[in-house]
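Structure, as structure tokens:
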Amino acid sequence: MAFHRLFGGVWLILAVGLVAWSAARPAHGAAPAEVVSLVTRDGVQLRLTYFPSSARKGTPEAKQASPVILLHDHKETRAIFNPLAQKLQAIGEGRQKGPAFAAVTVDLRAHGESTQQTAPNGSQFDLDAARLGKQDLLAMAAYDMEAVRSFLIEKNDAGELNLNKLCIVGSGMGANVAVNWALQDWTAPPLAIGKQGQDVKALVLISPKWSYNGLSFQAPLKFRPFKQNVAWLLMYGAQDAKVKSDVERIQKQLQRFHPEPTEAAGKRTSTLQVASFPSKLQGSTLLKQTGAAMDQKIIDFLVEHVGKVQQPWLGRLNRIPQ
């Protein structure tokens with residue numbers, strides 16, 4: 001047992017060092033990534049990496065930068081999305097300059113560097129991804145995501161991005177976390193002093209399951225404004241019959257709210273897209289296998305349906321309009 005703990009500790013140190021090294025390398029001329037520690041409402045110490053956009057803080061370009069939260073699968077870490085985050089970060093610069101994006105990769109509770117929780121009495125204990133239950137997943141979709149949103153509010157009010165253009169990319173477990181938190185965002189009542197929800201404008205879901213250990217699509221797909229006003233990209237390996245069935249079930253619930261665009265609409269593609277790949281692989285493993293092709297599909301979708309769409313920038317802490 002002592003050897004196992006020692007070996008595990010050494011592995012964690014090496015893994016953390018590798019994540020920090022790879023994440024800190026800026027994409028082209030973009031600003032270096034920033035490793036951030038947050039504490040959730042229930043005392044979990046979350047670790048994330050923030051990839052700022054290439055737009056200069058406070059400029060009109062920065063106030064139209066779309067933030068993208070990237071959520072890993074079960075027993076994975078935020079490092080899996082470092083390559084995609086760096087590609088998103090680099091979009092707004094160079095000769096092929098496009099709309100700016102900022103990215104946030106997150107170690108959800110019990111994963112990566114987010115394995116410590118402090119109880120109300122001050123005692124600390126470890127979180128184990130192998131022992132996660134439905135309540136833990138619900139906490140990811142509530143407390144973890146709200147902590148990340150609070151971080152993005154600060155970046156929004158600093159003029160670094162536009163929270164009103166929020167996108168989420170989720171893989172496997174992360175896809176179910178994404179859609180359930182997005183429902184909370186879309187059902188948040190308006191405040192008398194300003195906007196507090198309806199920020200999520202696009203979801204990219206890689207190998208989503210109709211229900212992941214009790215975290216289901218049932219409630220999210222009952223709320224019409226949410227499923228109608230968000231752009232959806234579903235991606236999966238088509239040779240897995242169960243995942244294919246779940247994706248088709250989700251697609252069926254969405255498709256009547258996302259008709260194919262007409263020429264008059266001025267859009268090249270639908271706000272509901274499904275991308276299948278000839279593979280049994282799913283989630284981040286599928287992402288690794290397909291590499292640049294899958295990354296580019298995600299980027300093209302987010303650029304078209306969020307990046308190029310102008311949205312009002314609103315100060316959130318002081319409720320200051322643009």
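Readers should treat all values here as calculations from the given coordinates under stated rules, not as data from a laboratory. None of these values were measured; they are calculated from a predicted model. Here the Cβ positions follow ideal geometry from the backbone for every residue, glycine too, while neighbour counts run over all protein chains shown.
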Placing unit charges on C-beta atoms (Lys and Arg positive, Asp and Glu negative, everything else neutral), compute the dipole magnitude of the chain about its Cα centre in debye, rounded to 20.
560
Across region 132-144, in residue order, what do the Karplus-derived ³J(HN,Hα) couplings come to in whole Hz, using 6.51 cos²θ - 1.76 cosθ + 1.60 with θ = phi - 60° and x for Gly and Pro?
5, x, 4, 5, 5, 5, 4, 5, 4, 6, 10, 5, 4
First check a/c for region 241-302, with a ≥ b ≥ c the square roots of the eigenvalues of its C-alpha gyration tensor; if it is under 1.5, answer rounded, and if not, answer prolate when a/b is larger than b/c or oblate otherwise.
oblate
Other-chain or far-sequence residues with amide H under 5 Å of SER54's (modelled H):
GLY92, PHE101
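With Cβ to Cβ distances under 12 Å as the rule, what net charge do the other residues near VAL36 carry (K, R +1; D, E -1)?
Combined, the nearby Lys, Arg, Asp and Glu give -1.
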Rounded to the nearest 5, what % of DSSP beta bridges with both residues in the chain are antiparallel?
45
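Give me VAL177, VAL148 sorted ascending by neighbouring Cβ count inside 10 Å, so fewest comes first.
Listed from fewest to most nearby Cβ atoms, that is VAL148, VAL177.
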Counting other beta carbons within 10 Å of each residue's own, what order do THR271, THR118, THR262 fall into, fewest first?
THR262, THR118, THR271
Unit charges on C-beta of K, R, D, E only; dipole of region 88-236, Debye
700
Given a cut-off of 21 Å, what percent of all Cα-Cα pairs of region 103-238 lie beyond it?
44
If I model region 95-177 as equal point scatterers sitting on the Cα atoms and use the Debye formula, what is log10 I(q)/I(0) at q = 0.25, 0.26 Å⁻¹?
-1.31, -1.36
What does the convex hull of the Cα atoms of the chain come to per residue, in Å³, rounded to a whole number?
149
Amide H neighbours of LEU46 under 5 Å, counting only residues 5+ apart in sequence or on other chains, H built in-plane at 1.01 Å?
LEU38, VAL39, THR40
In whole percent, what relative contact order does region 40-174 give with Cα contacts below 8 Å and a gap of six or more residues?
39
If each DSSP helix of 4+ residues adds -39,500 (n - 2.57) and the sum is divided by the residues in the chain, what number results at 222 nm, nearest 500 deg cm²/dmol?
-10000 deg cm²/dmol
Surpassing 29 Å at the alpha-carbon level, of the pairs LYS97/LYS227; LYS155/LYS252; LYS134/LYS252; LYS195/LYS244; LYS222/LYS244, are LYS97/LYS227; LYS155/LYS252; LYS195/LYS244
Seen from all sides and averaged, what is the projected area of the convex hull of the Cα atoms in region 196-268, in nm²?
6.3
Computed curve, region 61-136, Cα-only Debye sum without solvent term, log₁₀ I(q)/I(0) at 0.24 Å⁻¹, is -1.03
Calculate one ³J(HN,Hα) per residue across region 205-221 by plugging θ = phi - 60° into the Karplus curve 6.51 cos²θ - 1.76 cosθ + 1.60, and present them in order as whole Hz with x for glycine and proline.
10, 9, 6, x, 10, 4, 9, 10, 6, x, 8, 10, 7, 4, 5, x, 8
Among HIS258, HIS305, HIS111, rank each residue by its count of other Cβ atoms within 10 Å, from fewest to most, as a rough exposure measure.
HIS258, HIS305, HIS111
Over all Cα pairs of region 212-322, the Kirkwood radius sets Rh, and Rg/Rh then becomes 1.02
